[in-house]
Amino acid sequence: GGRINVFTKDGAFIAALGKGLGSDPGQFDSPDGITIVQDLNWLIIVDQNNMRVQVFDLSEIVWP
């Protein structure tokens, strides 16, 4: 799929990240890993089928 779904620790849905299936910036094709680098405020996502790693600045993500 082309999305990363974000939930609270209690399982409540917060937001979906990703502009859909594809290879453009912000799109994913089988996201395979995710981590947060707190010191840098980065969200890092491994995009398996696009063979790349995308890095997002958490301060730039618009949360609902």
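The values are calculated or read from the model by the stated rules, or taken from the named source; none is laboratory data. On a predicted model such as this, the values are computed, not experimentally measured, just so you know. With ideal geometry, Cβ positions are generated from the backbone for all residues, glycine too; neighbour counts draw on all protein chains shown. Heads up: the accessible areas ignore ligands, DNA and RNA and are worked out on the full protein's heavy atoms, side chains in. Shrake-Rupley method; radii C 1.70, N 1.55, O 1.52, S 1.80 Å.
In order along the stretch 50-59, the Karplus-derived 3J(HN,Hα) couplings, from 6.51 cos²θ - 1.76 cosθ + 1.60 at θ = phi - 60°, round to 8, 6, 8, 10, 10, 10, 10, 7, 4, 6 Hz, and Gly and Pro are given as x. Under 5 Å from the amide H of Gly20 lie the amide H atoms of Phe28, each residue being 5 or more positions distant or on a separate chain, with H modelled from the backbone and absent for Pro and chain starts. Using the 1.4 Å probe convention, the accessible area of the chain works out to 71 Å² per residue with neighbouring protein chains retained.
Considered as an equivalent ellipsoid built on the Cα gyration tensor, the chain has semi-axes of 18, 15, 11 Å, the largest given first. With contacts taken as Cα pairs under 8 Å at a separation of at least 6 residues, the chain carries a relative contact order of 24 percent.
Scanning residues 5 or more positions from Trp42 or on other chains, those with amide H under 5 Å from its amide H are Val37, Leu58, with H placed 1.01 Å from N in the peptide plane. In order along the stretch 29-40, phi translates into HN-Hα couplings of 9, 6, x, 10, x, 8, 8, 10, 9, 4, 4, 9 Hz, rounded to whole numbers, per the Karplus curve 6.51 cos²θ - 1.76 cosθ + 1.60 with θ = phi - 60° and x for Gly and Pro. Can you give the net charge of the other residues whose Cβ lies under 13 Å from the Cβ of Ile44, counting K and R as +1 and D and E as -1? Taking every Cβ under 13 Å from that of Ile44, the sum is -3.
Largest to smallest in accessible area, the residues Ser30, Ser59 fall in the order Ser59, Ser30 (1.4 Å probe, all protein chains included).
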